[in-house]
Structure formats: C-alpha cells, structure tokens
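Notes for the one structure printed next.
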Amino acid sequence: MSRWSRGEPEIELLVASGALQQIVKAASDGKPLLKRAEQTLLVARAAIEIEPDVAYATAYDAARIAATALLIQQGLRPTSAGGHLAVERALIAQFGQGFREFSTMRRRRNEIEYPLQFQEQGSAAEADQAIQTAQRFLGTAATLIGELGFFFD
C-alpha cells in the first residue's frame, strides 16, 4: 500500500497547521474504529423513535468515527485544534465529493447540539436519512481502508 495521493496538499496543510497530527505506525490501525462506528450506528437506530435529535447526532458520530478510521489508517489523527472540521476537510480532499454530505451532517449536528434558540425537535425521517448516509460512509470506509498506506513514511 502506498500513500494516498489525492488531496496531499490539503493534508500537508492540516498537519502543518496542527489540525492533524502524525501518530506512530503501531497505532495506525483504523479497523477497530470501523467496528466502533458500526456499534454507534446501532445506538442511533435504537434512539430514532425515542429521541430523533440524539439519533441524528449519533449517526453523525458514526460517520465521523468512520472518517477518522481512514485517517488513523494513514498514521494521522485530528487534534483538538482541528476537531471535526479537520476530519471533514481531510475526508473531502482525499476521497471526494461522495462525502460532501458529511459537511451537511456536521453543520446540522452543531445546530442540534448548540442551538441559537429553542427549536422544534428534528424528525425521525431526518434521523433515518442521517443513519442511511452514515451507513453508506461506513461501507465506503470499509472498502477504502485496505487501500491506504501511511501518509508520511
């Protein structure tokens, strides 16, 4: 496996800015995170009828964990300075517009978690759509993970 070349300038910028950091090769196995993302999706599905906003936020978490698994596999991880936005930028730069819905999910999750004012609860349909999107991301991540080498070798 070799370095994933698509998006290299963005990844290098994220590392240089401290939004992403290198991790040791021994810790660069993203597969356990994919398993965690699967379990997180189960929680989202269980919450959909009880609390759609929690289900949405949890589906987003599953998508983020799957995306982070791809970074970990490359010997990278987001920092507290880079956070979720660094994951989004790296994901889209490297793997393309098929992941652009991640941006929408991240912004909607922020609206849910940090509302400017009280708003009505999200719907089960909205949460279900987020779960389906996260499931698709997880499937794509599971396919891609075996093709990824270390970013910095």
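Just so you know, all these numbers are worked out from the coordinates, no wet-lab data involved. Note that this is a predicted model, so its numbers are computed, not measured. For neighbour counting, all protein chains shown are included, and Cβ atoms are generated from backbone atoms with ideal geometry for every residue, glycine included.
For the stretch 125-146, the set of residues classified as of a type outside the set (S, T, N, Q) and either exposed (fewer than 11 other Cβ atoms within 10 Å of the Cβ) or touching an Asp or Glu at 6+ places or on another chain (Cβ under 6 Å) (or both) consists of 125, 146, listed by residue number. Put simply, of 112, 92, 145 the only residue that is more than 19 Å from residue 67 (Cα to Cα) and assigned to a helix (DSSP H, G or I) is 112.
Only residues that are farther than 18 Å from residue 146 by Cβ, without any contact (Cβ under 8 Å) to a residue 60 or more places away in the chain and of a type in the set (Val, Ile, Thr) were counted across the stretch 41-66, and they come to 4. There is at least one residue in the stretch 100-108 that is over 19 Å from residue 19 (Cα atoms), under 14 Å from the mean Cα position of the chain (by Cα), polar (S, T, N, Q) and assigned to a helix (DSSP H, G or I). Restricting attention to the stretch 67-84, the residues that are closer than 11 Å to residue 23 by Cβ, touching a Lys or Arg at 6+ places or on another chain (Cβ under 7 Å) and without any contact (Cβ under 8 Å) to a residue 60 or more places away in the chain total 1.
Residue by residue, here is whether (1) out of contact with any helix residue (DSSP H, G or I) (no Cβ under 6 Å at 6 or more places or on another chain); (2) buried (at least 20 other Cβ atoms within 10 Å of the Cβ); (3) closer than 22 Å to residue 143 by Cα holds:
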site: 5; (1), (2), (3): yes, no, yes
site: 15; (1), (2), (3): yes, no, no
site: 25; (1), (2), (3): yes, no, yes
site: 57; (1), (2), (3): no, yes, no
site: 76; (1), (2), (3): yes, yes, yes
